[in-house]
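Colleague: Just passing along the structure, written as structure tokens.
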Amino acid sequence: MSAKLKDEGHGRKVHVAIVGAGLAGISTAIALKRKLGFENFTIFERAKAVGGTWRDNTYPGCGSDNAIHWYSLSTELNPNWKNRYGTQPEICKYWDTLWHKHNLESHTVFKTEVVDAQWSQEDQRYTITLEDMMTKERRTIEAEVLVYAIGGFHQPFWPADLPGRENFNGEVFHSARWRHDVDLKSKKVGVIGNGCSAAQFIPAISREASTEVVNFCRTPQWLTPRRDHPYSPLRQWIFANIPLVMRLHRNWLMLTADTNFMIFRKKNVRLVSLAKKQLTEHIKRKAPQEYLEHLIPNYSPGCKRIIIDPGYLKCLNQSNVSLKYDAIETITQGGIKLQKGEEIALDVIIFGTGYQLLDDHIKVRGSQGYTMTDYFRRKGGPMAYLGLCMPGFPNLFSLLGPNVATGHASVIFSEECQINYLLQLIQPVIQGKAKSFEITAQATDEYNDWLQTRLSDSVWTECASYYHSGRDGTSRISATFPGPVTLFWWLTRRPKWDLFHGVDSAAWERDRKVEKVKTWFLFSIGIAVVGVLFKGWL
């Protein structure tokens, strides 16, 4: 791919609109500049700062559950990480530093929400409606390319079957919107949920002995030891000054983590059984005996996201922490009433119930007249080709879209794979050699048939989780990719152009044919040279 491209289109500069200044949006902007030398892009961000989910999630104990040297951009390795796992402030600082380093300030518009986008088949571009978050004034801009980079972990999920939170006399908030103005000292705090977020902040808030924590749980979770360790100053110096060492360390972390995908395949019976045995032993070693019957799941590890235990099990031994597994009937004025009749008086209620993965607040209407929400509904849940492209939406790319995340790997790596793919698709548009590319419905359906066939043999079919579009155990599995991320990299290394419908792409097609001829010519010359040399040796 050419290092530098001219910003030229059909009578106007091609404009790329990026929705979201989180990890995916910043990564896309950096790649546009570094790989394509392209500058005519704009990032639209609803908030007043960059960072996405790491900006918004500021709850105590928040941090990565992937090794931080892997949970970072491959082009922006950082030798100064303090520990194997990164903390929320460190991660936020890292991405803010990259935003400044690559001079993205002039490309970013804060406090502005993209509320609507309409594709014009005649003009071959999107008309995008923006709303100022402060004044509520609206305006429109145009863009030939739209990158939907908001991710899946930004909208808090409030369970609809837990009524009454508006009646509670105390403070109620979600962990994704932590209330730092609420003092938890000498308070009785009810925490609803026991997933990854709750497992991080419960140990943190319960360190204050005067805070009593009651954790309300529905389903037990598998937890694995958090093998965290600090990076010494010497090791950080080596990473910074000896070539390839930090890269090799990152690659080793990726390799060892990516093999874990094998426990998600039900046919690997022995591996699944071994994983279940080891995780059960961890729970038994760390948790109080009285809770073991409730803490050990009856489904295979990975059906729900495995929690890298940050001290959750250990804190259950504290006198100020207790568990309730009885179902909640309602939230009352004074606390929480359980279905068996018991009512627990509380001062504060915190929801640690995860995120709403399907965000339909942006109404994107494509070339066929339907919106993304319409398309997802028709398909029985979110669905895309490589989690990136959808039929009916030319030049639109959804980063960390359907079936991209995994239960064992860094989503940043997967997003980088997608970004590399979309750069190849928009390169001819930027060069003025095509106007748009749109994945076909047949290619999307065939890819998703392949996905669902592989997913049918996965542990994700065994329980209800947010991996399913309906958060049950029967609807389409729309969140996870059924394999190692190295397989996802292989699938996204270059586009299969015959799966896309191109508009005004004749010039690009000619270039591709010329490149094919050149490639075969050089290959033939190489074979001939090898043959002559081999004959000479004989």
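Colleague: Within the stretch 220-238, work out how many residues are open to solvent by 50 Å² or more (accessible area, probe 1.4 Å) and assigned to a loop (DSSP other than H, G, I, E, B).
Modeller: Looking only at that region, the number is 5.
Colleague: Does the stretch 106-122 include one or more residues that are assigned to a helix (DSSP H, G or I) and surrounded by fewer than 19 Cβ atoms within 10 Å (Cβ to Cβ)?
Modeller: yes
Colleague: On the basis of being open to solvent by 10 Å² or more (accessible area, probe 1.4 Å), of a type outside the set (Lys, Arg), within 20 Å of the chain's Cα centre (by Cα) and under 22 Å from residue 126 (Cα atoms), does residue 401 make the cut? Quick ask: steps written out before the conclusion?
Modeller: Details: open to solvent by 10 Å² or more (accessible area, probe 1.4 Å): yes; of a type outside the set (Lys, Arg): yes; within 20 Å of the chain's Cα centre (by Cα): yes; under 22 Å from residue 126 (Cα atoms): yes.
So residue 401 passes the test.
Colleague: A further question follows. Test of understanding: among 260, 251, which residue is modelled with pLDDT under 95 and not acidic (Asp, Glu)? Can you show your working first?
Modeller: Details: 251 fails: modelled with pLDDT under 95.
Answer to the check: 260.
Colleague: Let me ask another. Go over the candidates 97, 75 one by one and state the one that is part of a loop (DSSP other than H, G, I, E, B) and over 28 Å from residue 141 (Cα atoms).
Modeller: 75
Colleague: Could you grab the pairs with beta carbons closer than 8 Å, sequence gap of 6+ or different chains, first residue in the stretch 463-491 and free of Cβ contacts under 8 Å to residues at least 24 places away in the same chain, second one open to solvent by 30 Å² or more (accessible area, probe 1.4 Å) and among the aliphatic types (A, V, I, L, M)?
Modeller: Close Cβ pairs (under 8 Å, with a partner that is open to solvent by 30 Å² or more (accessible area, probe 1.4 Å) and among the aliphatic types (A, V, I, L, M)) amount to 471/464; 472/464; 473/464.
Colleague: Among the residues of the stretch 462-515, write down those that are among the aromatic types (Phe, Trp, Tyr), closer than 24 Å to residue 254 by Cβ and surrounded by fewer than 18 Cβ atoms within 10 Å (Cβ to Cβ).
Modeller: Correct list: 489, 490.
Colleague: For the stretch 248-282, name all the residues that are touching a strand residue (DSSP E or B) at 6+ places or on another chain (Cβ under 7 Å) and open to solvent by less than 60 Å² (accessible area, probe 1.4 Å).
Modeller: Within the stretch 248-282, 264, 265, 279, 282 meet the criteria.
Colleague: Against the definition (open to solvent by 40 Å² or more (accessible area, probe 1.4 Å) and either more than 20 Å from residue 401 (Cβ to Cβ) or touching a Leu at 6+ places or on another chain (Cβ under 9 Å) (or both)), how does residue 51 come out, yes or no?
Modeller: For residue 51, the condition - open to solvent by 40 Å² or more (accessible area, probe 1.4 Å) and either more than 20 Å from residue 401 (Cβ to Cβ) or touching a Leu at 6+ places or on another chain (Cβ under 9 Å) (or both) - is not met.
Colleague: Separate question: Can you list residue pairs whose Cβ atoms sit under 6 Å apart, with the first residue in the stretch 446-458 being surrounded by 19 or more Cβ atoms within 10 Å (Cβ to Cβ) and the second being part of a helix (DSSP H, G or I)? Count only pairs 6 or more apart in sequence or on different chains.
Modeller: 458/264
Colleague: Right, residue 61: in contact with a Phe, Trp or Tyr (Cβ under 6 Å, 6 or more places away or on another chain), farther than 30 Å from residue 435 by Cβ and not basic (Lys, Arg) or not? Explain how you work it out, then say what you get.
Modeller: On the way: in contact with a Phe, Trp or Tyr (Cβ under 6 Å, 6 or more places away or on another chain): yes; farther than 30 Å from residue 435 by Cβ: yes; not basic (Lys, Arg): yes.
Considered against the rule, which asks whether it is in contact with a Phe, Trp or Tyr (Cβ under 6 Å, 6 or more places away or on another chain), farther than 30 Å from residue 435 by Cβ and not basic (Lys, Arg), residue 61 comes out as yes.
Colleague: Follow-up. Return the residues of the stretch 516-529 that are more than 28 Å from residue 394 (Cβ to Cβ) and open to solvent by 90 Å² or more (accessible area, probe 1.4 Å); say none if nothing qualifies.
Modeller: 517, 518, 520, 521, 522, 523, 527
Colleague: Every residue in the stretch 418-442 that is open to solvent by less than 10 Å² (accessible area, probe 1.4 Å) and part of a helix (DSSP H, G or I), please.
Modeller: Result: 418, 419, 421, 422, 423, 425, 426, 428, 429, 430.
Residues are listed down the side, and each one gets a yes or a no for (1) surrounded by 18 or more Cβ atoms within 10 Å (Cβ to Cβ); (2) without any contact (Cβ under 8 Å) to a residue 60 or more places away in the chain; (3) of a type in the set (Asp, Glu); (4) under 20 Å from residue 414 (Cβ atoms):
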{"site": "15", "(1), (2), (3), (4)": "yes, no, no, no"}
{"site": "57", "(1), (2), (3), (4)": "yes, no, no, yes"}
{"site": "67", "(1), (2), (3), (4)": "yes, no, no, yes"}
{"site": "91", "(1), (2), (3), (4)": "yes, yes, no, yes"}
{"site": "99", "(1), (2), (3), (4)": "yes, no, no, no"}
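Colleague: Is it the case that some residue within the stretch 277-295 is free of Cβ contacts under 8 Å to residues at least 60 places away in the same chain, within 28 Å of residue 490 (Cα to Cα) and not aromatic (Phe, Trp, Tyr)?
Modeller: no
Colleague: Only one of these is touching a strand residue (DSSP E or B) at 6+ places or on another chain (Cβ under 9 Å) and farther than 30 Å from residue 64 by Cα: 352, 401, 392, 302. Name it. Full working, then the answer.
Modeller: Working: 352 fails: farther than 30 Å from residue 64 by Cα; 401 fails: farther than 30 Å from residue 64 by Cα; 302 fails: farther than 30 Å from residue 64 by Cα.
One residue alone meets the criteria, 392.
Colleague: Turning to a different aspect of this structure: Tell me, which helices (runs of 4 or more DSSP H) wholly within the stretch 290-383 include 1 or more residues that are surrounded by fewer than 18 Cβ atoms within 10 Å (Cβ to Cβ) and of a type in the set (S, T, N, Q)?
Modeller: On the way: elements: 292-295, 312-315, 372-379.
Helices (runs of 4 or more DSSP H) meeting the threshold: 372-379.
Colleague: Given the conditions (1) touching a residue at least 60 places away in the same chain (Cβ under 8 Å); (2) within 30 Å of residue 482 (Cβ to Cβ), report the number of the one that residue 251 does not fulfil.
Modeller: Condition (1) is where residue 251 drops out.
The values are calculated or read from the model by the stated rules, or taken from the named source; none is laboratory data. Note that this is a predicted model, so its numbers are computed, not measured. We place every Cβ from the backbone using ideal geometry, glycine too, and count neighbours over all the protein chains shown. Heavy atoms of the whole protein, side chains included, go into the accessibility calculation; ligands, DNA and RNA do not. Shrake-Rupley method; radii C 1.70, N 1.55, O 1.52, S 1.80 Å.
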